[in-house]
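Before any comments, here is the structure.
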Amino acid sequence: MTETEGRHKFSTAVGACEIEWTESGICRFRLPDASRVRGKLHGGAVDTEGLPPLIAEAVTLVRQVLSGTRADLSRLRLDLSYATPFNRRVYECVLAIPFGKTMTYGEVAREVGESGGAQAVGRAMADNKIPLIVPCHRVLAADGKMHGFSAPGGTASKRKLLEIEGAIEPEPPTLFDFVDAQKN
């Protein structure tokens, strides 16, 4: 691993995440699969020694967000060289959505000057290689539903992230949640 590019896996309150970077900034982020998050939360101290300052800060902030603490990920330096000009405009808009708030695909489209471009915004969200940091989970369908999420766990992950941020109410527990809790 070098200072200018690398990959780092780390634990969070909801499971293991992975971050990648280039000399330009963070270029990829992987969330844990929400469908596998059960029982005790992962945690403890994370060693950021030897990581570039940007990545050490990102790891700290991501861990805060995934434990339910408000943190501003929008100030992190990103490498969006993979993104089209339209997708970059969409990502910049989405980066401005505050913690715990949401927008619809149509609202984002209007914000970037593409009225009627909700589907194009959806494609941009599907192309996002930096979920959570570019908070595509904060973008919902016009009916408020969670259609699609390209990160591991799909819409279950999207729902969990919005619950963590307080943007939506947690789903009521089911009988199976009770059974899982009894095993732990």
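The values are calculated or read from the model by the stated rules, or taken from the named source; none is laboratory data. Small disclaimer: the values here were computed from a predicted structure and weren't measured. So basically every Cβ, Gly included, is an ideal-geometry build from the backbone, and we count neighbours across all protein chains shown. Heads up: the accessible areas ignore ligands, DNA and RNA and are worked out on the full protein's heavy atoms, side chains in. Shrake-Rupley method; radii C 1.70, N 1.55, O 1.52, S 1.80 Å.
Structure notes:
- Residue match in the stretch 139-148 (condition: at pLDDT below 80 and open to solvent by 60 Å² or more (accessible area, probe 1.4 Å)): yes
- Those residues of the stretch 94-110 which are under 21 Å from I168 (Cα atoms) and over 14 Å from the mean Cα position of the chain (by Cα), in sequence order: M103, T104, Y105, G106, E107, V108
- Scanning the stretch 120-166 for residues that are on the phi > 0 side of the Ramachandran plot and in a helix (DSSP H, G or I) turns up just one, G154.
- So L51, is it at pLDDT 90 or above, part of a loop (DSSP other than H, G, I, E, B) and in contact with a Gly (Cβ under 9 Å, 6 or more places away or on another chain): yes
- Residues of the stretch 61-84 include at least one that is more than 14 Å from the chain's Cα centre (by Cα), open to solvent by less than 20 Å² (accessible area, probe 1.4 Å) and modelled with pLDDT of 95 or more.
- Flag for V94 being modelled with pLDDT of 95 or more and in contact with a Pro (Cβ under 8 Å, 6 or more places away or on another chain): yes
- Of all positions in the stretch 92-109, at least one carries a residue that is closer than 26 Å to T22 by Cβ and open to solvent by 70 Å² or more (accessible area, probe 1.4 Å).
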